[in-house]
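The values are calculated or read from the model by the stated rules, or taken from the named source; none is laboratory data. Bear in mind that the values here come from a model prediction, so they are computed numbers and not experimental data. Glycine gets a Cβ as well: all are built from the backbone with ideal geometry, and neighbour counts include every protein chain shown.
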Amino acid sequence: MVYPEHISMDDYRYELSQERIAEYPVEERDHSKLLLMKHDGISEDSFYNIHHHLPEGSLMVFNNTRVIRARLVFQKETGARIEVFCLEPVLPTHEINSAFESPSPVSWKCLIGNAKKWKLGRLSMPLSPDGQGNHLYAERAGEVDGAFLVKFSWESPGSSFAEIIEAAGKVPLPPYIEREADDEDVNRYQTIYAAHNGSVAAPTAGLHFTKGVMQKLAARTIDFANVILHVSAGTFKPVSHKDIRNHEMHAEQIIISRELLQALLHKKGRPVIAVGTTSVRTLESLYWYGVILETDPTAELSIGQWLPYRENMRDLSTTEALNNVLNYMDRNGVNEISGVTRVIIVPGYRFRIVDILITNFHMPKSTLLLLVAAFAGDGWKDAYHFALEKEFRFLSYGDSCLFFRKDQNL
């Protein structure tokens, strides 16, 4: 294994006070600030002008996952409040899209708030305001991977888990937003193009987009494509080790379509713009899957944390790697493939697909900040200093950045 050069997380810290973290979104999505970092320096604009700063004819890739109402708050007869946070499905399937279509019962890996007050027994929650009719029930069913296994059941046999959680759950705002979710968050903590249930956190770079912004991008002959990465709670997992080599990266489910592959193969040198770090990780994982298929044509889509850094990995062209994935689809008669990625992108990583990154400002000493540093180089420090000086708003509901890859001159 050839790890990147020693990376100390102390080099990826900056002072972020709670008052700089956006508790609420701006009133209009596209009126957030936009920090621009190009080779000729750092500047500021508004997000609704982003089309002026992107090359004509580019390919823009969105993550069109949809945030689920993953927070379920139960009240015991004793009055104790038990919060159950759904992480990922276990039974009857691990596959997220199928899990949401499942009828009662289902089992999910969950976090439990106030778990010491709920060790036995079944919790219930009415699914209508008057408390009559259908109820959602929860039972503890053991532990799995450092979390709890919770069995959910409900009385309406024709209802899927997607319908139940939509009726019963609350918007899962990030832990650094120190307030309860309200009615506004139902729409604002969701991208306008969200389509596939599965995330417990929003791909927040996409929260700035409006129909008007999309129309202006299309007018510059920028094409659109989609990936799916269902964002897990692991995205908020802090790096607790000083040396990044000791950090265990979380796994997230990804889905790749034939349409995306064809768009990438036909881009003919056009820049690829990734909307958000989740899109970056998915696109780069796609390349490495193509590399795996070069020597194992039947391999499933599963990208390990340090796979890109292995000494024995082939150095294929992007076209070769993508064609390997397309050939896999052809051989198996499918138009999409799903799997998992744990890939970690840190300084020293060589990007294979993504040329331009749209993202928000990320937590100090986080894997997301490491990805930005890998993409933008040491200039990320100047960008973040500029943002703090100019009173940009940080994290999920905050302002946005536009970074051009450090080794590209677009």
Please enumerate the residues belonging to the range 225-249 that are among the acidic types (Asp, Glu) and under 19 Å from the mean Cα position of the chain (by Cα). Glu248
Could you please give the count of residues in the range 209-240 that are within 16 Å of Ile192 (Cβ to Cβ) and either in a helix (DSSP H, G or I) or at pLDDT below 95 (or both)? 8
Give me the pairs: first residue in the range 161-184 and under 16 Å from Gln18 (Cα atoms), second residue outside any loop (DSSP other than H, G, I, E, B), beta-carbon distance under 7 Å, and six or more apart or on different chains, which are they? Leu173/Asp185; Pro174/Phe236; Pro175/Phe236; Tyr176/Ile21
Give me a count of the residues in the range 326-347 that are out of contact with any strand residue (DSSP E or B) (no Cβ under 6 Å at 6 or more places or on another chain) and assigned to a loop (DSSP other than H, G, I, E, B). 8
Quick check, is Phe392 in the same structural domain as Pro297 (by TED's automatic domain parsing), on the phi < 0 side of the Ramachandran plot, in a loop (DSSP other than H, G, I, E, B) and hydrophobic (A, V, I, L, M, F, W, C)? yes
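A quick yes/no check of all residues on (1) touching a residue at least 60 places away in the same chain (Cβ under 8 Å); (2) part of a loop (DSSP other than H, G, I, E, B); (3) of a type in the set (A, V, I, L, M):
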| residue | (1), (2), (3) |
| --- | --- |
| Gly290 | no, no, no |
| Glu300 | no, yes, no |
| Glu311 | yes, yes, no |
| Thr319 | no, no, no |
| Asn324 | no, no, no |
Could you go through the range 339-360 and let me know if any residue there is in the same structural domain as Glu19 (by TED's automatic domain parsing), touching a Lys or Arg at 6+ places or on another chain (Cβ under 8 Å), over 19 Å from Val272 (Cβ atoms) and not charged (D, E, K, R). no
Identify all residues within the range 78-106 that are outside any loop (DSSP other than H, G, I, E, B), out of contact with any helix residue (DSSP H, G or I) (no Cβ under 6 Å at 6 or more places or on another chain) and of a type outside the set (Val, Ile, Thr); write none if there are none. Arg81, Glu83, Phe85, Cys86, Glu88, Leu91, Asn97, Ser98, Ala99
Assess whether Leu91 counts as being assigned by TED's automatic domain parsing to the domain that holds Ala162, touching a Ser or Thr at 6+ places or on another chain (Cβ under 7 Å), surrounded by fewer than 21 Cβ atoms within 10 Å (Cβ to Cβ) and of a type in the set (A, V, I, L, M, F, W, C). yes
Taking the criterion of being among the β-branched types (Val, Ile, Thr), touching a helix residue (DSSP H, G or I) at 6+ places or on another chain (Cβ under 6 Å) and in the same structural domain as Glu336 (by TED's automatic domain parsing), would at least one residue in the range 235-248 satisfy it? yes
Can you tell me how many residues within the range 21-42 are part of a loop (DSSP other than H, G, I, E, B) and out of contact with any Asp or Glu (no Cβ under 6 Å at 6 or more places or on another chain)? 9
Does Glu28 count as assigned by TED's automatic domain parsing to the domain that holds Asn226 and loosely packed, with under 15 Cβ neighbours inside 10 Å? yes
Quick check on my filter: what residues within the range 295-311 are over 19 Å from Phe351 (Cβ atoms) and either of a type outside the set (S, T, N, Q) or over 20 Å from the mean Cα position of the chain (by Cα) (or both)? Thr295, Asp296, Pro297, Thr298, Ala299, Glu300, Leu301, Glu311
Pairs returned, first residue in the range 344-370 that is closer than 24 Å to His241 by Cα, second residue that is modelled with pLDDT under 95 and among the small types (Gly, Ala, Ser), beta-carbon separation under 9 angstrom, 6 or more apart or interchain, are Pro347/Gly377
So Met60 clears everything in (1) part of a strand (DSSP E or B); (2) farther than 20 Å from Tyr193 by Cα; (3) touching a Leu at 6+ places or on another chain (Cβ under 7 Å) except one condition, right? Which one? (2)
Residue check: is Leu111 modelled with pLDDT of 90 or more, in a strand (DSSP E or B) and within 27 Å of the chain's Cα centre (by Cα)? yes
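Every residue, every condition in (1) buried (at least 16 other Cβ atoms within 10 Å of the Cβ); (2) within 30 Å of Val272 (Cβ to Cβ), yes or no:
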{"position": "Phe148", "(1), (2)": "yes, no"}
{"position": "Pro157", "(1), (2)": "no, no"}
{"position": "Ser160", "(1), (2)": "yes, no"}
{"position": "Gly169", "(1), (2)": "yes, no"}
{"position": "Gln190", "(1), (2)": "yes, yes"}
{"position": "Ser199", "(1), (2)": "yes, yes"}
{"position": "Ala202", "(1), (2)": "yes, yes"}
{"position": "Ala205", "(1), (2)": "yes, yes"}
{"position": "Ala225", "(1), (2)": "yes, yes"}
All positions within the range 189-208 that are outside any loop (DSSP other than H, G, I, E, B), touching a Lys or Arg at 6+ places or on another chain (Cβ under 8 Å) and either free of Cβ contacts under 8 Å to residues at least 60 places away in the same chain or of a type outside the set (Ser, Thr, Tyr) (or both): His196, Asn197, Gly198, Leu207, His208
Subset of the range 171-188, residues surrounded by fewer than 21 Cβ atoms within 10 Å (Cβ to Cβ) and among the β-branched types (Val, Ile, Thr), comes to Ile177, Val186
